[in-house]
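All of the numbers you see were taken from the coordinates with simple rules; none came from a lab. The model shown is predicted, which means the values in this text are computed figures rather than measured ones. Please note: Cβ atoms are built from the backbone with ideal geometry, for glycine as well, and neighbour counts cover all protein chains shown.
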Amino acid sequence: MKIGVLASQGAFIEHINILSQLGVKALPVRLPHQLDGLDALVIPGGESTSISLLLQDNNLASEIQGLAQNGLPIMGTCAGMIVLANGISASPITSLGLMEISVRRNAFGRQRESFETQLSIPVLGENPFPGVFIRAPVIEDSNSNVEILCRLSDGSGVAARQRKLLASSFHPELTNDRRFHQYFLDIVAGKQ
Ligand code: GLN
């Protein structure tokens, strides 16, 4: 299995490391030809404004949209989730618009810019998952094609799946818990 990790900006090395530990070939993607032959793509956290500009500049955006329409599985974490969303409240970002979710950037405000909390994510099993949130977005709204995999106690969505697209507000690549990435690999392999 060959997985590309968008490596234009942000926390991509950590995704490459965790995917390698799970036994798949993980390669950085910066240019459209590097998308050739991939089984899946990861869009990491970082700054969604910068990531979306780089996607537009390098012509990667239209390539990725085309591949996603043909079923390429994509996982987006934090800024990656924002880039996947088709609605972003009060933000001028041109996203890929692939997932039917509306997100709000920097949803936790200044006092809780970064925090860690134990999350219940039933598709990953009973044990709580360590949620690392860094200036994170939340999902405010979604349509019925989307499965919200995890909610905070106030009801806001922080992980979602739409067919082969998977998104999280938090950073699973910054923990030692590999279950979220394994879940994505199971989606890629058609086991989930
Ligand atoms: N706050 C960032 C944004 O809006 C996301 C932060 C992150 O990816 N850790 O793009």
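Considering only alpha-carbon pairs that sit under 8 angstrom and 6 or more positions apart, the relative contact order computed for the range 103-157 is 39 percent. Among D141, D57, the ranking by other beta carbons within 10 Å of each residue's beta carbon, starting with the fewest, stands as D57, D141. Shape class for the range 1-106: prolate, because the ratio a/c of the largest to smallest gyration tensor axis (alpha-carbon atoms, square roots of eigenvalues) is 1.5 or more and a/b beats b/c. Relative contact order, whole percent, for the range 57-145 stands at 24, derived from Cα pairs under 8 Å and 6 or more residues apart.
Taking a straight Cα-Cα cut-off under 16 Å and skipping sequence neighbours fewer than 8 places away in the same chain, the lysines within cross-link reach of K25 are K2.
Assuming charge only on the beta carbon of Lys and Arg (+1) and of Asp and Glu (-1), the dipole of the chain about its Cα centre is about 100 debye to the nearest 20.
For the range 99-159, the set of trypsin sites (Lys or Arg not before Pro) satisfying both a DSSP loop assignment and a count of at most 13 other C-beta atoms within 10 Å is given as R110, R112.
Size estimate for the range 96-163 follows the Kirkwood approach: the inverse of mean 1/r over distinct Cα pairs works out to 12.7 Å.
What number does the chain give for Rg over Rh if you use C-alpha atoms and the Kirkwood radius? Result for the chain is an Rg/Rh of 0.92. Summing charges over all other residues whose Cβ lies under 13 Å from the Cβ of E113, with Lys and Arg as +1 and Asp and Glu as -1, gives +3.
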